[in-house]
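Report on the following structure.
Derivation of every value follows stated rules applied to the coordinates shown; laboratory data play no part. All values derive from a computational prediction rather than experimental measurement. Neighbour counts are summed over all protein chains in view; Cβ atoms, including those assigned to glycine, are modelled from backbone coordinates with ideal geometry.
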Amino acid sequence: MGNSHPTFPAFDNPPVIEKVLGVQFQPIANISYGHYGWFWKTRLDESWIKAQDAPMVVDQFERFGDKLAWGVPEPKISFGAGQDRVMFINGNDDRLIQIQSTRFLYNWKKLKGDHRSFVDIYLQFHKHFLSFTDFL
């Protein structure tokens, strides 16, 4: 058998400034900022030097049957000191891991003409997501 990986188009200079890969899942019960910090310090290497709190990304749900569309959440405004998502940022400011009780996201940002292929970003996302699920 040949290569089992799909092939993707390759572009020399695509007009892309950021790529995000992520998963949404059932809420993780009793997860706290302490757990996020523990993941950061035990599962991410020393290149991940910054952490930042952020508001939660609202969950989205695909609808089937008569409602074949992505669900549009109702507008939500929250007040208070608590944030629901933590972002870990690498020292080059070109990678971002975002974790909340219902999502895991991996971002790549284009800096100084640097471009990464989908496969490269996917492999990094997969590595970090597996580490997170193992941590849980």
For this session: For the range 38-66 and the range 108-136, write down the distance between their C-alpha centroids in whole Å.
Result: 13
Seminar exercise, completed: Distance in nm between ASN30 and ALA10 label points, each 7 Å along Cα→Cβ, equals 4.9
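Pull out the extension gain between VAL23 and SER47, defined as 0.36 nm times the separation in residues minus the alpha carbon to alpha carbon distance; nm, one decimal. Could the numbers behind the result be given before it?
Working: separation 24, 0.36 × 24 = 8.64 nm, distance 2.31 nm.
That pair, VAL23 and SER47, stretches by 6.3 nm at full extension.
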Exercise. Spin-label point model (7 Å from Cα, Cβ direction): what's the GLN60 to SER131 distance in nm?
Worked result: 2.6
